[in-house]
Amino acid sequence: MSGLWEDIKNAYFSYNGMGTNVFFLFVAIFYFLIINKKRQRNLLIYEIFGILFLVTPGIANGILNMSGQKTDHWMVYGILNIVSVVGVAMTDYLINIPSKKEKIIVIVIYILLIQAGMGLNYTSQHLEFITNSYKISNEVMEIAEQLEFVEKPRVLAPEEVAGELREYDTRFAVIYGEGLSFTQENLEQLQIETESYGCNCLVINSEYDNIEFFNSIGFSKIYNTEHYEVYAK
């Protein structure tokens, strides 16, 4: 039980890039509480049940297990449909503001808050996204950049690398999740796993590296970082 609550807490604080929008969600819920329109109240009920389902241990555990991808547990927050709910609240609020000047002021404030929440950085030359807004480790970013040169990469990697690779680029077919077998300590078993999953790319911890063995099964080393070795066919 305590472990599940820890997962939920970590999921919330790992919701990178969306912290401001989560704040907007609760502002929207408060807004729905003080208005009397039936349509908005129905939307409020949906959101409240969504949050309760998420933080109730039994239900939350079921959602995480059904996803089959523990490394992506923070993504379950997507079921809140934050953008839709905040959009309805903001639109309704703007419609009911009588003064055009006040509407413009509110829109400007909203844009500034969105900029702060989405990781945008204004310079005198242009508006640009801050790099690595999802806080992916430098090593994984280096690995991902090398895998981009591989045609249709299908990657077998340690769990901590696999999750971040998926965040970096969803085009990577990363083999990981509940029930995945990845045995670096036993090279023969690892060979069976790469063949079973049909992988043409392999990332392993440096301590288990054996270049002669991997060359013998058709892999060539294309890159290495401080802690990982990267192979491809």
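The values are calculated or read from the model by the stated rules, or taken from the named source; none is laboratory data. Here the structure is a predicted model, which means the values were calculated and not measured. Please note: Cβ atoms are built from the backbone with ideal geometry, for glycine as well, and neighbour counts cover all protein chains shown.
Residue count for region 184-223 satisfying the condition of being touching a Leu at 6+ places or on another chain (Cβ under 6 Å) and of a type in the set (A, V, I, L, M): 1. Of all the residues in region 116-141, those that are touching a strand residue (DSSP E or B) at 6+ places or on another chain (Cβ under 7 Å) and either surrounded by 13 or more Cβ atoms within 10 Å (Cβ to Cβ) or at pLDDT 65 or above (or both) number 3. With the condition kept exactly as written, say whether any residue in region 188-200 is surrounded by 15 or more Cβ atoms within 10 Å (Cβ to Cβ), modelled with pLDDT of 90 or more and in contact with a strand residue (DSSP E or B) (Cβ under 9 Å, 6 or more places away or on another chain). Yes, because at least one residue in region 188-200 is surrounded by 15 or more Cβ atoms within 10 Å (Cβ to Cβ), modelled with pLDDT of 90 or more and in contact with a strand residue (DSSP E or B) (Cβ under 9 Å, 6 or more places away or on another chain).
Considering only region 195-222, how many residues are hydroxyl-bearing (S, T, Y) and within 25 Å of the chain's Cα centre (by Cα)? Residues in region 195-222 being hydroxyl-bearing (S, T, Y) and within 25 Å of the chain's Cα centre (by Cα): 1 in total.
Residues considered: N210, N205, N200. Of these, the only one that is closer than 20 Å to N138 by Cβ, out of contact with any Ser or Thr (no Cβ under 8 Å at 6 or more places or on another chain) and of a type in the set (S, T, N, Q) is N205. Are any of the residues in region 159-178 at pLDDT 85 or above, in contact with an Asp or Glu (Cβ under 9 Å, 6 or more places away or on another chain) and not acidic (D, E)? Taking every residue of region 159-178 in turn, at least one turns out to be at pLDDT 85 or above, in contact with an Asp or Glu (Cβ under 9 Å, 6 or more places away or on another chain) and not acidic (D, E).
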